[in-house]
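Okay, structure first, notes after.
The values are calculated or read from the model by the stated rules, or taken from the named source; none is laboratory data. Note that the coordinates shown come from a computational prediction; the quantities given were computed from them, not determined experimentally. Cβ sites come from the backbone with ideal geometry, for glycine too, and all protein chains shown count toward neighbours. The area values use the complete protein model at the heavy-atom level, side chains included, leaving out ligands, DNA and RNA. Shrake-Rupley method; radii C 1.70, N 1.55, O 1.52, S 1.80 Å.
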Amino acid sequence: DTVGPLVRTVSDAALMHAALTGDNLVDLSGTNLQGMRFASLQTLVLDDIREAPMAAYTTALGKLRDAGAEILDIEAPELTGPMADSAMLFTAEAWGIWGDTIQASPDVMFGPIRDRFASGAEHKAADYIAAWRRLDAARATWAARVAGFDAVLCPTAPILPPNADRLMQDGAYYVTENLLALRNTRVGNLMGTCALTLPTHVPSCGLQLIGAPFQEARLLRVGQAVEAALN
């Protein structure tokens, strides 16, 4: 996972970025969407999407176009391999780092997450390294594909918040909703990028902007322009 601040506005995010990194505050003045090019990702992120997130996404794209942005649909088949490998990549790393701590106090961790972490112990080192080599290749393909865009767009999540009581009682529902909740932001995690999510003003429906690795300053300026268009 990639950790970042939760704030109210893009300008607040810029302040937090400066505080966390020690870099100068990103100048957000003079931003607008005229001439910006965005990729609307079609691969995986729209699969099984619910009605409200899809409607919010479509409306948000319309607002960006009205503000002068160009938006092109793109497919990125290189994502499918890393998505399939993610159970190995994430759990092997998680168990390698936290396994001893979890085993020392297993009852303090939520059971389904503990079991997922523990599955990382079953993967062979050779398979894990091979998965990383495939991921590196996919990242290179992705970087070349999206290099001409100011950001890649997709719904932040394809679902609304699930029913908490049912999550605890229905195992199949838990697995389905949990994986869908994580899926779209996982694109940025796997591709090693920075990302910003903005409210579409439909409750619980965000618009995710995926930038290039280590290009937070540029993404914040893009986000400032997008925020103004959405508001």
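At-a-glance table
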| read-out | value |
| --- | --- |
| Test result for Ala125, crowded, with 19+ Cβ neighbours inside 10 Å, under 23 Å from Leu89 (Cα atoms) and at pLDDT 95 or above | no |
| Filter result (touching a helix residue (DSSP H, G or I) at 6+ places or on another chain (Cβ under 8 Å) and either at pLDDT below 95 or part of a loop (DSSP other than H, G, I, E, B) (or both)) within the range 137-151 | Asp150 |
| Test: residue in the range 50-63 that is closer than 21 Å to Val202 by Cα, within 21 Å of the chain's Cα centre (by Cα) and assigned to a loop (DSSP other than H, G, I, E, B) | yes |
| Sole residue being modelled with pLDDT of 95 or more, touching a Phe, Trp or Tyr at 6+ places or on another chain (Cβ under 8 Å) and closer than 15 Å to Thr156 by Cα, chosen from Ala39, Ala76, Ala56 | Ala39 |
| Qualifying residue in the range 55-69 (condition: aliphatic (A, V, I, L, M), open to solvent by 60 Å² or more (accessible area, probe 1.4 Å) and over 28 Å from Val175 (Cβ atoms)) | no |
| Residue count for the range 133-152, restricted to those that are β-branched (Val, Ile, Thr) and open to solvent by 50 Å² or more (accessible area, probe 1.4 Å) | 1 |
| Subset of the range 89-136 (residues that are under 30 Å from Ala76 (Cβ atoms), in a helix (DSSP H, G or I) and free of Cβ contacts under 8 Å to residues at least 24 places away in the same chain) | Ile97, Ile113, Glu122, Ala125, Ala126, Ile129, Ala130, Arg133, Asp136 |
| Extreme residue, nearest to Ala138 (Cα to Cα), among residues of the range 71-88 that are surrounded by 15 or more Cβ atoms within 10 Å (Cβ to Cβ) and free of Cβ contacts under 8 Å to residues at least 60 places away in the same chain | Gly81 |
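For every residue, the table says whether it meets (1) open to solvent by 40 Å² or more (accessible area, probe 1.4 Å); (2) at pLDDT 95 or above; (3) over 18 Å from the mean Cα position of the chain (by Cα); (4) more than 22 Å from Gly111 (Cα to Cα).
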site: Cys154; (1), (2), (3), (4): no, yes, no, yes
site: Tyr173; (1), (2), (3), (4): no, yes, yes, no
site: Ala181; (1), (2), (3), (4): yes, yes, no, no
site: Asn184; (1), (2), (3), (4): no, yes, no, yes
site: Cys205; (1), (2), (3), (4): no, yes, no, yes
